[in-house]
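Below: one structure, written as structure tokens.
Derivation of every value follows stated rules applied to the coordinates shown; laboratory data play no part. Note that this is a predicted model, so its numbers are computed, not measured. Reconstructed Cβ throughout: ideal geometry from the backbone, glycine too, with neighbour counts over all protein chains shown.
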Amino acid sequence: MSTYKLTYFNARGRAEVCRLIFAAAGQKYEEIRYELHEWPSHKHETPLGHIPVLEYEDVKLPQSVSIARFLAKQFQLAGRDNFEQAKVDAVGDTIGDAMSKYMSVRFERDEIKRREVTKKFLDEELSKYLQNLEILGKLYSNGGPFFVGNQLTWVDLFFYDLGEKLLELDDNSLNNYRWLRQNRAEVEKQPRIVAYLKTRPKTPF
Ligand SMILES: N[C@@H](CCC(=O)N[C@@H](CS)C(=O)NCC(=O)O)C(=O)O
């Protein structure tokens, strides 16, 4: 049995940051990927009725960002000291805000409304999140390509994932954000990430 078991849909969604952390750490884990129709009969097995859930030491941990932070600390991807971790968290919370907004837009059930909110998100709302992320990147990166302290942390992986989602929505969405594009390019060069991206299951979102 693996030390870590991650349960989510057969999708990247909110679990992909955790999978990227496992990949960057070279850590093996067990994975359950539910198809949508399988989920209702498993919902009651989770602490809060939603996924992702990480099982560790026979305990189930919900909340994607809490799981990501825990894994990052386990694998030294959270920042080298307390203050670096605070900077990493400030970036992570800013990405989290953008991710929550993206999720509400992308998975709006009513199709007409979804088109409206997607347009508003892309035309009016997204730029503030991305500008804020560039500000933090330039502030904490010491001139390097990673968000904090010249080394890869989980928030570089978190932004890699958010960026992929944004580019799926609009392939011009990162055009005005050179620092953020370079940050993603650097993540994409990491050998373990290269290997993971090549072999991960292909899913629509
Ligand atoms: N804040 C939670 C949100 C979790 C969440 O809403 N998960 C969705 C999938 S992305 C889910 O479980 N949906 C099925 C349901 O609520 O029944 C997190 O970040 O993990």
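Take every DSSP beta bridge whose two residues both sit in the chain; close to 60 percent of them are antiparallel. For the stretch 44-123, what class follows from the C-alpha gyration tensor (a ≥ b ≥ c being the square roots of its eigenvalues): rounded when a/c is under 1.5, otherwise prolate if a/b is larger than b/c, else oblate? Since a/c reaches 1.5 but b/c is at least a/b, the shape of the stretch 44-123 is classed as oblate.
Shape analysis of the chain places it in the oblate category; the axes a ≥ b ≥ c from the Cα gyration tensor give an a/c of at least 1.5, with a/b not above b/c. Within the stretch 82-189, how many Lys pairs that are eight or more residues apart, or on different chains, come under 14 Å at the alpha-carbon? Here the count comes out as 6.
Restriction of the GluC sites (Glu not before Pro) in the stretch 1-35 to DSSP coil positions whose beta-carbon has at most 14 other beta-carbons within 10 angstrom yields E35. Of the peptides 67-75, 182-190, the ranking by mean beta-carbon count within 10 Å, highest at the top, reads 67-75, 182-190. Shape index of the stretch 82-189: Rg/Rh, with Rg the Cα radius of gyration and Rh the Kirkwood radius from the inverse mean 1/r over Cα pairs, equals 0.99. Charged neighbours of E38, selected by a Cβ distance under 15 Å, balance to -1 (K, R count +1; D, E count -1).
Report the FRET efficiency, 1/(1 + (r/R0)^6), for H44 and D171, where r is their Cβ-Cβ distance and R0 is 35 Å, rounded to 0.05. Step by step, r from the Cβ atoms, then E = 0.30.
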